[in-house]
Each structure stands twice: as structure tokens, then as C-alpha cells.
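Step one of this worksheet: look at the structure below.
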Amino acid sequence: MAVPKKKTSPSRRGMRRSADALKQPTYLEDKDSGELRRPHHLDLKTGMYKGRQVLKVKAEA
């Protein structure tokens, strides 16, 4: 069984755990529609991604 040779210091333990914190998801304002969307995701209302139409949007009734 693997046993650590030295005790992990509180500083090093904290550095390892720093990635475990929950972060708020980032949103940015779309240049065309002004809606908030996630970076590197397509805009579901317009179907645009990087200035190209990639999704056909259904017409609302």
C-alpha cells in the first residue's frame, strides 16, 4: 500500500483544493441580438454561431 513519505503542508493541501471551488458560469452579451449567452456556444434564439447561421429557428406562433 502506498504511504506518503512526508506530511502534506496546509498550504500545499489548499493549493490542491483551490480547483474544487464552485465558480459562477460566465456569460457575455451577444453583439447582434444583445442577449446573454455562454462563450463558445451558439445563440439559441437566433441560431447564430461566430456570425454564421448554423441552426434553423422555428417561427413563433
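At-a-glance table
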{"item": "Subset of the range 1-34 [assigned to a loop (DSSP other than H, G, I, E, B) and either touching an Asp or Glu at 6+ places or on another chain (Cβ under 6 Å) or within 30 Å of Gly51 (Cβ to Cβ) (or both)]", "result": "Lys23, Gln24, Pro25, Thr26, Tyr27, Asp30, Lys31, Asp32, Ser33, Gly34"}
{"item": "The one condition in (1) under 30 Å from Ala59 (Cβ atoms); (2) over 19 Å from the mean Cα position of the chain (by Cα); (3) surrounded by fewer than 10 Cβ atoms within 10 Å (Cβ to Cβ) that Pro39 fails to fulfil", "result": "(2)"}
{"item": "Some residue of the range 21-29 being among the polar types (S, T, N, Q) and within 13 Å of the chain's Cα centre (by Cα)", "result": "yes"}
{"item": "Filter pass, Leu55 being surrounded by fewer than 10 Cβ atoms within 10 Å (Cβ to Cβ) and among the aliphatic types (A, V, I, L, M)", "result": "no"}
{"item": "Cβ-Cβ under 9 Å pairs, at least 6 apart or on other chains, the range 37-61 side small (Gly, Ala, Ser), far side at pLDDT below 85", "result": "Gly47/Val57; Gly51/Lys31; Gly51/Asp32"}
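Listed here are the residues, each with its yes/no results for (1) at pLDDT below 90; (2) among the charged types (D, E, K, R).
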{"position": "Pro10", "(1), (2)": "no, no"}
{"position": "Arg16", "(1), (2)": "no, yes"}
{"position": "Asp32", "(1), (2)": "yes, yes"}
{"position": "Leu44", "(1), (2)": "yes, no"}
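The values are calculated or read from the model by the stated rules, or taken from the named source; none is laboratory data. Being a predicted model, the structure only gives us computed values, none of them experimental. Methodologically, a virtual Cβ is constructed for each residue, glycine included, from the backbone with ideal geometry; neighbour enumeration extends over all protein chains shown.
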